[in-house]
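For reference, the structure is listed below as structure tokens.
The values are calculated or read from the model by the stated rules, or taken from the named source; none is laboratory data. Since the model is a prediction, treat every value here as computed from it, not as a measurement. Cβ: placed from backbone, ideal geometry, glycine included. Neighbour counts: every protein chain shown. Side chains are part of the model used for accessible areas, which takes the heavy atoms of the whole protein and leaves out ligands, DNA and RNA. Shrake-Rupley method; radii C 1.70, N 1.55, O 1.52, S 1.80 Å.
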Amino acid sequence: MKFRKEEEWFTFYDVQGNLIERKTEVRFDPLTGETARLIFDPGMPITPSDYSELAEQTGGAKCPFCLENLYKMTPVFPKEISQDGRVTKGEAVAFPNLFPYSKHNAVVIFSGQHYVKLEEFTVEMIKNAFMAAQTYTQNVIAVDSKAQYASINWNYLPPSGGSILHPHIQVILSESATNTQALISEKAKTYEEEHGQEYFTSLYETEKELGERWIGEIGNVAWMHAYAPKSHNDFVAIFTESRSIFDITEQDWLNFATSIKAIFATLSEQGFASFNLLLNVSIDRESKQPVHIRLIPRITIGALNTSDINSFQALHQEPLSLKIPEEVADKARKHFEKIK
């Protein structure tokens, strides 16, 4: 496995005539070859927003996901998906998305709590929500053989694109792969043909041996930082023994929920509060590719609440990172050790 990078230097002078040098490090993703840029970090403090006041304004009777409205305002699945109309696990409840992104699209709320800060998420909350998502996915697969591509997605808080404050995840099944799913599938197939080993298994073994971006593992859930990050942090989790949605056990979800708390603590330490998460999972019982996750923080910048996505990310498809992956991984390792 190759970890390739190139350095570029921009030199200029301040008004006193002093030479200034700024480095941009261009890293190449070891699977796709896509580039990401590590850019100069001015050290500007990142202050997470507190949504407590907004939560008071939008919760309770004003929120369709809060308990007083949940069973009156949210729609229900067809009987072949769920006899009860919804899928539940503990406090987690899955129901149809009124504004779907795909042929099958469930929303899963974690609990009745309208605003949950990162440190307030419990292991039980997270485990139950993802288990409800898994059950919904399996139910869809049982009745629709054309739904070939599945993912679980989490947009947490408004900077991530989350339109409702009440914490929830989205489960999507489609007849068509997203661009990311198609690219990973294509490149992983090529990697295996060229190297004789499945890519994510190779990544797990290589990163664990190198240790530079390795964070830790609990049971069959391993965490590391991406070499070519898609944002200022970019955490990768690999379910080492799960090749499809059918392989993930309750213990795996428990290990995932426990370990992601260390990732949340790492985000909080740096001032990040919002994030996007993608869990990419095969519905093929014969799949060789492990279930895997990417998690990146989302922020707004400065007094203008400027988006952290500009033309570089949106149109050039070129991620920018102010943080160095190996340094972030070191922070995360320390938090990971506390939960083991």
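Brief remarks follow.
- Which numbered condition residue 163 fails, given (1) more than 24 Å from residue 290 (Cβ to Cβ); (2) surrounded by 19 or more Cβ atoms within 10 Å (Cβ to Cβ); (3) of a type in the set (S, T, N, Q): (2)
- Condition met for residue 59 (touching a Cys at 6+ places or on another chain (Cβ under 8 Å), at pLDDT 95 or above and open to solvent by less than 100 Å² (accessible area, probe 1.4 Å)): yes
- Candidate set from the stretch 309-340 (those that are open to solvent by 20 Å² or more (accessible area, probe 1.4 Å) and hydrophobic (A, V, I, L, M, F, W, C)); member that is farthest from residue 191 (Cα to Cα): 339
- Residues located in the stretch 1-38, provided they are exposed (fewer than 15 other Cβ atoms within 10 Å of the Cβ) and in a loop (DSSP other than H, G, I, E, B): 2, 4, 14, 15, 16, 17, 18, 33
- Among the residues of the stretch 80-103, those that are on the phi < 0 side of the Ramachandran plot and either of a type in the set (Gly, Ala, Ser) or open to solvent by 100 Å² or more (accessible area, probe 1.4 Å) (or both) comprise 80, 82, 83, 84, 91, 92, 94, 98, 99, 101, 102, 103.
- Those residues of the stretch 42-61 which are outside any loop (DSSP other than H, G, I, E, B) and either within 14 Å of residue 299 (Cβ to Cβ) or polar (S, T, N, Q) (or both), in sequence order: 52, 57, 58
- Breaking point among (1) open to solvent by 30 Å² or more (accessible area, probe 1.4 Å); (2) under 30 Å from residue 299 (Cβ atoms); (3) of a type outside the set (Lys, Arg); (4) in a helix (DSSP H, G or I), for residue 212: (4)
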